[in-house]
Amino acid sequence: MTVDTTFHHGDAGSSEPIVQMKDIEKHFGNIIALAGVSFDVRPGECHCLLGDNGAGKSTFIKTMSGVHKPTKGQILFHGKPMNFSTPRDAMEAGIATVFQDLAMIPLMSVTRNFFMGREPTIGRGPLKRFDVKTANEITVSSMRDMGINLRGPDQAVGTLSGGERQTVAIARAVHFGAKVLILDEPTSALGVRQTSNVLATIDRVRKQGVGVVFISHNVRHALAVGDRFTVLNRGKTLGTASRGEISPEELQELMAGGQEMAELEGSLGGTI
Amino acid sequence: MTVDTTFHHGDAGSSEPIVQMKDIEKHFGNIIALAGVSFDVRPGECHCLLGDNGAGKSTFIKTMSGVHKPTKGQILFHGKPMNFSTPRDAMEAGIATVFQDLAMIPLMSVTRNFFMGREPTIGRGPLKRFDVKTANEITVSSMRDMGINLRGPDQAVGTLSGGERQTVAIARAVHFGAKVLILDEPTSALGVRQTSNVLATIDRVRKQGVGVVFISHNVRHALAVGDRFTVLNRGKTLGTASRGEISPEELQELMAGGQEMAELEGSLGGTI
Amino acid sequence: MTNTAQVVEDERIKSESFFSKLMKRPELGAIAGAILVFIFFSITADASMFTLSGVINFMTPASQLGILAIGAAMLMIGGEFDLSIGSMVAFSGLFFGVCVVTWGLPLIVAIPLTFVFSAFVGAINGTIVIRSGLPSFIVTLAFLFVLRGLSLVGLKAATGGSTQLRGVREAVEGDGLASFFSGDAFPGLFEWLASKGLIETFKSGAPKVTGIPVEIIWFFIITGAATYVLLRLPVGNWIFATGGDNTAASNSGVPVNKVKISLFMLTACCAALVAIITVMDAGSTDARRGFQKEFEAIIAAVIGGCLLTGGYGSAIGAFFGSIIFGMVVIGLTYTDFDQDWFQVFLGGMLLIAVLFNNAIRKRVTGER
Amino acid sequence: MTNTAQVVEDERIKSESFFSKLMKRPELGAIAGAILVFIFFSITADASMFTLSGVINFMTPASQLGILAIGAAMLMIGGEFDLSIGSMVAFSGLFFGVCVVTWGLPLIVAIPLTFVFSAFVGAINGTIVIRSGLPSFIVTLAFLFVLRGLSLVGLKAATGGSTQLRGVREAVEGDGLASFFSGDAFPGLFEWLASKGLIETFKSGAPKVTGIPVEIIWFFIITGAATYVLLRLPVGNWIFATGGDNTAASNSGVPVNKVKISLFMLTACCAALVAIITVMDAGSTDARRGFQKEFEAIIAAVIGGCLLTGGYGSAIGAFFGSIIFGMVVIGLTYTDFDQDWFQVFLGGMLLIAVLFNNAIRKRVTGER
Amino acid sequence: QDIIVVAHGQANDPFWSVVKNGVEEAGKDTGVNVDYRSPETFDMVAMSQLIDAAVNQEPDGLIVSIPDADALSPSIERAVAAGIPVISINAGSDVSKGLGALLHVGQDEYDAGKAAGEKLAEMGGTNAICVNQEVGNVSLDLRCEGFGEGFGGSYTVLPTTNDPAEIESKVAAALSSDESIDTVMALGASTAGEPSVAAAKASGRDINVASFDLSASFLQSIVDGDAAFAIDQQQFLQGYLSANFLALHAKYGLMPGGNVPSGPNLITSDKAAQVIDLSSKGIR
Ligand SMILES: Nc1ncnc2c1ncn2[C@@H]1O[C@H](COP(=O)(O)OP(=O)(O)OP(=O)(O)O)[C@@H](O)[C@H]1O
Ligand SMILES: Nc1ncnc2c1ncn2[C@@H]1O[C@H](COP(=O)(O)OP(=O)(O)OP(=O)(O)O)[C@@H](O)[C@H]1O
Ligand SMILES: [Mg+2]
Ligand SMILES: [Mg+2]
């Protein structure tokens, strides 16, 4: 694996974890989605969460960001036991998440989606109101930073293309992610330009001391920005590796859950 | 670019196109999504449709599969002008599509989604009924072929993971795709194993003489299976290239719409 | 394709009791509420409520409501509403009455004609909804008013000024088809049972219950048929898909417009059936027949677990929903509560039944 | 962040007329229908309909309905229904009546007390909906019955057996606050105008219109306030988000439960306001006050473009929706149509207004 | 010349449709233009607005029913102030004069109920139910109250909806849960009366059923002996006479000197047969 990179990599293990999840279990009725997963994220690192489809990655990060209550297990925030009862609590603690389903309201405009729940205001007292102008400006410029030129900030999100929509969710999380930024397959619908922007953004916020949790099915993206790699399989942790300890092929095999894969096209060079 | 591959590649230009789209324009109110795009797909080839986010790829294939009516332009099916008024018409003509939003009903079971609109029946006359047993069997085995072991065919699609859901849509389209198979970013949420299965499947159906339209943001996936590559940008065609005529770097630059990209991590080796 | 549907044992699934599997089905969600209401009345109500005649007494209105509720439930599963069914009862009742009384048609002609006519009105409803893209709520609401108004106008025209058209009973007397749509079924059986002392009789020896009212039989038949259609026929799948997500269903090749129009026609036909039964039973029809039935039908369907947003529900749920509603409405007259409190109890019982239902289901299935 | 929101010229956007931009707004969708109805009546109705007194005459019921409709619209945008507002009008009317007549409280106490009480009932509604996860349709339906029943029981208790509580007008006479909630505003102005011959007078010389009924003023104030809240306040954004997709909103940090409960409290307060105004104006209250108003309020909101599925709509739409409904209901009495045809016309006019509305909007915005 | 009627009962209500027919016939006979209006449900607020609308059109005569004097008085007083001659019908005989109406044509609901109650008590009734298909409609509530007063024995109000099937079941339920009930008082013949007769018949007991207002089928039951009597307030007269008086008033300034009682009028089996035909034409 290449060592010379244009990205800085955080020093894993250097500091106290911001969020620590211990032996998390999550059951939906009779379905066991998580059967004991431990995980932590430290400031300034990018911790990749990898695994096969249905391994439980999304369920896990939803537990982390207050959407699900764990059936069993403990969540520590800055070392103290914490129980986020709503996503709002998690957000107020400084955790911002890009969910796999993006959590956007199709009928609402881009700006209104961007600031949903955390609207900037202008004026004071009873005249305090939604500052639409500032909001529009921030939205357009954040989107442009990610490589999307919006037709206008008042276009309904439902009429955006898949990648445009995903970019809104990422830009929003980056804008509000104070301490921890969780990205669930953020680049899945993105074009090449937008993807490179997102990877660069992850690197940038990491440098600012934010802890990043990055879920991806793309081994190469993970290796490009990740400091540590945790692999899930069928609701259990397969283990955590640090950057440089593991080769792309090994990682890919772990992600496939140890099962054999269809024969690969030569041009892919061994990784998908 | 590597020439030795494990995949067979169709001989582009060898036969009459199945579907031919000429100068398609599509406007939504005052928004111009497509400003004149021409495209065709021949039996036994995989024609990749590439382009930046918001370029109009999804809008284009929706026009092709009868969801949208083009504002201007002509659609030829086996050389004859054709006007699909509903997706059902297109399906009956042998076009199966995996839409980017998957077109699944969250509250319905996997099997019921799989066969939605084309249920297998058993019995005759007034006793003709939905053959649930066969349907379940086909669903479970198709999903297994794609690398997903379902907990049960009666799980609601809404509770599946992102990748599991996408696999249902792909398996369904493959099952019903008689002449043309359209895949809109089919691997975006898939794990490595499932992705390799999908790529192998594209190769398999192509060998059977089906025309495949494959949309992807992953240059390497496109090059691995594509015979021809058409790049869209801001609602217009940038041009079509055949396999071997174009290098990955060139293709990636076209896909980015000619705009510069963020500096890349070295380990990505030039392609995202 | 040689694999069987048999799924391999999966460590990610906890074992689940048969009961909990059962409670997960939307069909059976409403049963807990029905049992609760039953228990409530068996404690508080006069014993005569659950004698044979008492049961038939509350099942008759429940069945009339239920036939409508099942139509409404199927339409709701398909993602639309029909607020015009109540008015449709009056309107097709008028049409049927005019056929039989004014035009003197035999039932074999009048009944199919009434169904065709109602289905036609339903199709108009559906076509407007689909063509305009307006919510069915507002379109069928307009028909609620229009049909109710036309019933009044039509009645006055048919009777020369009165709001009641009578003489239906006399007109259909002796028509062989009448026994399928009015009165009681199996009178012979009940007489025999009475003579054996197996069912209650009046002092005169005549059975208290002379048969099962035909609407109850229709109610069961329609529940069965609707369940079969929803769960076993391709079109059932289409209905769920259409209601679950119109666009996704259409993109998957479901003929959503045909499905919706057919459902509007179906609800109209359910209304027509109720109209025919009640008009023949009462021997007359008036301008207020079916007043607010659309509302009660939707209530019954919702109690039975149908979602207002479409795509989820069941005919059996609507079946129990109608019985719950019917039992509560009639049951309170069997109790000693001051009847001024009727509506308070009605509301309270409905709420408790649905809450109980919900609580049981969550409890059993471990949902949160 | 130094970029401005000014978007660069984009070749992918066709230019759009100001009018078409306007018609895209949900606020103004209903205006076309209102104009159509206006034109219809200016042709068919008695000329007195559009005199000052005629306009005030149809604006009064439109305003009473409209105050409810705006509450209902906000709740619908937030993704829920309240079927209990009609009963709430009766119930809070009773409460207010009892405060004033039986307990003899001054308005300064009675009015806030009524609002607090109603908001409390609304909060119960909302809490049950959220805690149980049941559809608000069924929960508030239960309250429809319960509150209606309690109004009956309460009236009988308060009056010793009658279903009508009288004497409110006498009880509030001379109370300074009364003029904000009953009667006409600006009577002096109108008298002066009449004396100058600027407005119509009866033969006696008294002005036909003695002022603007307070409900009309309240209606305008509430429409303005609701529009401001929806479009300019953060909480407006939360309401749209909650109704658009509850889960997505919650995942994005919107306190959906608080939003919903507040909206239920708001609709209840709207009902209380209507109750106070009508009880003071009528001087009495009875058990059927507000009957079916929930239904009409939802109709007005839907005519005004609110989606039943939530997340879309506007207060101004509900404003025009109420005016359309009020104009049609009262307007028909200014025409020569026979009352028997009233419902047919009502339904027909509603449908045509909404269809027209829709057609214009599609035409103008180029949607298909 | 225009005469406007604003009543609290709907045009599709069997009782009020007869009033409407009376009004229309008077219009035909006298050559004036008559217009019948009512709120969509029993709604006093809406009714006062309809009166206001009528006043705005400055008709030559206004006919109103007054079930709630408090709620309607401002509107009626406004009509009187505007110089429109007003006649009240049906409900409100006690307040009619005070509000400035010229006279009242009708029957007091309470008195009619009392008359029915007395008659039923006379027939040996001791325990009754009063079937009310629209609880909260004050004029119906008054009928029940009056009935209770006249009847003397014990009675309960049975609240129902407008649905005949439900009414039949409810009456049957009430009868079977209380064996001592021997009298059923229905507040409307076609909605409540007919199903009550059916339920009483099915109970196999000997029960006196009486009803307010008329319907052909209920009258037939009286003839057949299944029902005791119906109370007819001859509401056709309320519509016909009031409209006629106002037409004459407009033409010649004539007006009778006092209230006209149109009922009560008990229709028992001896008279019922003659009435059936008229009833099925909407005249009685
Ligand atoms: N609400 C739910 N009810 C029942 N089962 C659920 C629910 N949510 C998730 N599951 C199941 O839990 C498992 C884990 O789902 P999850 O979404 O966490 O997977 P994932 O690792 O994110 O997969 P992907 O990479 O495909 O997104 C899946 O098999 C899914 O079917
Ligand atoms: N219904 C619609 N109304 C208005 N604009 C639309 C609509 N559908 C698509 N668009 C616009 O058309 C453009 C093309 O969208 P499309 O979904 O085809 O892009 P795409 O190439 O598939 O992008 P991606 O790679 O992100 O999926 C987008 O800018 C989008 O905002
Ligand atoms: Mg996931
Ligand atoms: Mg796309």
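Values for this structure:
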{"read-out": "Whole-Hz couplings from phi, Karplus 6.51/-1.76/1.60, listed for the range E:19-33; x for Gly and Pro", "value": "4, 4, 4, x, 4, 5, 5, 4, x, 4, 5, 9, x, 9, 8"}
{"read-out": "Choice from E:ALA202, E:ALA250, E:ALA227 showing the highest fluctuation, given a GNM over chain E with Cα pairs closer than 10 Å", "value": "E:ALA202"}
{"read-out": "Closest Cβ on chain A to the rotation axis that carries it onto B (distance rounded to whole Å)", "value": "A:SER188, 2"}
{"read-out": "Listed residue pairs exceeding 29 Å between alpha carbons, taken from E:LYS97/E:LYS251; A:LYS128/A:LYS207; D:LYS293/E:LYS170", "value": "A:LYS128/A:LYS207"}
{"read-out": "Candidates D:LEU94, D:LEU75, D:LEU346, ranked by Gaussian network fluctuation over chain D, Cα under 10 Å, top entry", "value": "D:LEU346"}
{"read-out": "Antiparallel bridges, percent of DSSP beta bridges restricted to the range B:113-272 (to nearest 5)", "value": "60"}
{"read-out": "Percent of beta bridges antiparallel (DSSP, chain E, rounded to nearest 5)", "value": "10"}
{"read-out": "Net charge, C:VAL209 excluded, C-beta distance under 11 Å - Lys, Arg +1, Asp, Glu -1", "value": "-2"}
{"read-out": "At 0.692 mPa s and 37 °C, Stokes diffusion of the range D:152-297 via Kirkwood alpha-carbon radius, µm² per second", "value": "175"}
{"read-out": "Net charge, E:GLU149 excluded, C-beta distance under 10 Å - Lys, Arg +1, Asp, Glu -1", "value": "-2"}
{"read-out": "0 to 90° range, to nearest 10: angle between helix B:162-176 axis and chain B longest Cα axis", "value": "80"}
{"read-out": "Share, in percent, of DSSP beta bridges within the protein assembly as shown that are antiparallel, nearest 5", "value": "50"}
{"read-out": "Packing-based order for A:211-217, A:91-97, A:151-157, using average beta carbon neighbours within 10 Å, highest first", "value": "A:211-217, A:91-97, A:151-157"}
{"read-out": "Amide H contacts of D:THR201 (H built 1.01 Å from N, under 5 Å, at least 5 apart or other chain)", "value": "D:LYS208"}
{"read-out": "Relative contact order (%) - criterion: Cα under 8 Å, at least six apart; region: chain A", "value": "27"}
{"read-out": "Relative packing of peptides D:134-140, C:33-39, C:323-329 - highest average C-beta neighbours within 10 Å first", "value": "C:323-329, D:134-140, C:33-39"}
{"read-out": "For E:9-20, mean number of other protein chain Cβ atoms within 10 Å", "value": "6"}
{"read-out": "Residue-by-residue Karplus 3J(HN,Hα) for the range A:53-59, coefficients 6.51, -1.76, 1.60, Hz, glycine and proline x", "value": "4, x, 5, x, 4, 5, 4"}
{"read-out": "Axis-proximal residue, chain C, for the rotation superposing C on D (Cβ, Å)", "value": "C:THR309, 3"}
{"read-out": "In nm, spacing of pseudo-spin labels at B:GLN155 and E:GLU40 (7 Å Cα→C-beta vector)", "value": "4.9"}
{"read-out": "Selected from C:ILE352, C:THR247, C:GLN64, residue furthest toward positive end of dipole (the range C:26-360; charges at beta carbon)", "value": "C:THR247"}
{"read-out": "Equivalent-ellipsoid semi-axes of the range B:74-223, from the Cα gyration tensor, Å, largest first", "value": "24, 22, 13"}
{"read-out": "Pairwise centroid distance, computed over Cα atoms, of the range E:24-40 with the range B:14-90, Å", "value": "65"}
{"read-out": "Between the range E:113-154 and the range D:197-270, the alpha-carbon center distance in angstrom", "value": "45"}
{"read-out": "Stokes-Einstein diffusion coefficient of the protein assembly as shown, Kirkwood radius over Cα pairs, 10 °C, 1.306 mPa s, in µm²/s", "value": "45"}
{"read-out": "Taking the C-alpha atoms of the range D:26-360, convex hull volume expressed per residue in Å³", "value": "151"}
{"read-out": "Over the range C:26-360, relative contact order from alpha-carbon pairs under 8 Å, at least 6 apart, %", "value": "39"}
{"read-out": "Label point 7 Å beyond Cα along the C-beta direction, distances from B:GLU92 to other copies (nm, shortest first)", "value": "5.8"}
{"read-out": "Relative contact order [Cα under 8 Å, 6+ residues apart], the range E:52-106, whole percent", "value": "35"}
{"read-out": "Per-residue mean of C-beta atoms belonging to partner chains within 10 Å, peptide D:345-354", "value": "6"}
{"read-out": "Pair C:THR102, B:LYS80: separation of 7 Å Cα→Cβ label points (nm)", "value": "5.1"}
{"read-out": "Shielding by partners, peptide A:49-57 (average Cβ within 10 angstrom, other chains)", "value": "6"}
{"read-out": "Calculated on alpha-carbon atoms, Rg and Dmax of the range E:94-242 in Å", "value": "15.3, 52"}
{"read-out": "Distance from the range D:134-159 to the range C:297-353 (C-alpha centre basis), Å", "value": "15"}
{"read-out": "Mean residue ellipticity (222 nm) of chain D, computed from DSSP H runs ≥ 4 via -39,500 (n - 2.57), nearest 500", "value": "-22000 deg cm²/dmol"}
{"read-out": "Value of Rg to Rh for chain B (Rh from inverse mean 1/r over Cα pairs, i.e. Kirkwood)", "value": "0.98"}
{"read-out": "Ascending list, in nanometres, of distances separating the D:THR247 label from those of the other copies (7 Å, Cα toward Cβ)", "value": "1.7"}
{"read-out": "³J(HN,Hα), Karplus 6.51/-1.76/1.60, whole Hz, each residue of the range B:108-117, x for Gly, Pro", "value": "9, 6, 4, 4, 5, 5, 4, 9, 3, x"}
{"read-out": "Sequence ranges B:229-235, D:103-109, ranked by mean other-Cβ count within 10 angstrom, highest first", "value": "B:229-235, D:103-109"}
{"read-out": "Kirkwood hydrodynamic radius (C-alpha pairs) into Stokes-Einstein, chain E, 4 °C and 1.567 mPa s, D in µm²/s", "value": "68"}
{"read-out": "Sequence-distant residues sharing a close amide H with A:PHE28 (under 5 Å, placed H)", "value": "A:ALA33"}
{"read-out": "Across the identical copies, how the D:LEU113 labels are spaced - nm, sorted shortest first, 7 Å along Cα→Cβ", "value": "6.4"}
{"read-out": "Long-range amide H partners of E:TYR155 with built H, under 5 Å", "value": "E:ALA128"}
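Readers should treat all values here as calculations from the given coordinates under stated rules, not as data from a laboratory. Keep in mind it's a predicted model, so treat the numbers as computed, not measured. Positions of Cβ are backbone-derived with ideal geometry, glycine not excepted, and every protein chain shown enters the neighbour counts.
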